[in-house]
Amino acid sequence: MPKRILEGVVVSDKGDKTVIVKVERTFLHPLLKKTVRRSKKYHAHDEANSYKEGELARIIECAPKSKLKTWEVLPKGDQAASA
């Protein structure tokens, strides 16, 4: 099964080698037929500590690295190539 890739904004970079990425998704409400926005925060592994708060980051699923971290950020160079 392919690994999921999500894109979001870094909301915290205070942890060592960890960033918190807020990913927003939109969907149509089944009854009201209105567009609804939902967001979720993911803890992601950032080996190089390269991401700062407010930057756009892409994260990919990985094996669990700690209790909360099951995602890792794609290196900054890889994002331009895959976009």
In units of 2.2 N^0.38 Å, what is the alpha-carbon radius of gyration of the chain?
1.19
Let me check against my output: what whole-number percent is the relative contact order of the chain, with C-alpha pairs under 8 Å and at least 6 apart?
30
Mind telling me which of LYS17, LYS34, LYS65 comes out most flexible in a GNM of the chain, alpha-carbon contacts under 10 Å?
LYS34
Explain nothing, just the number: dipole magnitude of region 5-82 about its Cα centre with +1 on each Lys and Arg Cβ and -1 on each Asp and Glu Cβ, in debye rounded to the nearest 20.
560
Could you tell me what percent of the DSSP beta bridges with both partners in the chain are antiparallel, to the nearest 5?
90
Mind ranking 67-74, 45-52 by how tightly packed they are, going by the mean number of other C-beta atoms within 10 angstrom, highest first?
67-74, 45-52
Among all the lysines, which ones have a C-alpha under 25 Å from LYS65's C-alpha, if same-chain residues fewer than 8 places away are not counted?
LYS3, LYS14, LYS17, LYS22, LYS40, LYS41, LYS52, LYS76
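Every number in this text was worked out from the coordinates using simple rules, so none of it is lab data. Everything numeric in this text was worked out from a predicted model, so none of it was measured. All Cβ positions, even for glycine, are placed from backbone atoms using ideal geometry, and neighbour counts span all protein chains on display.
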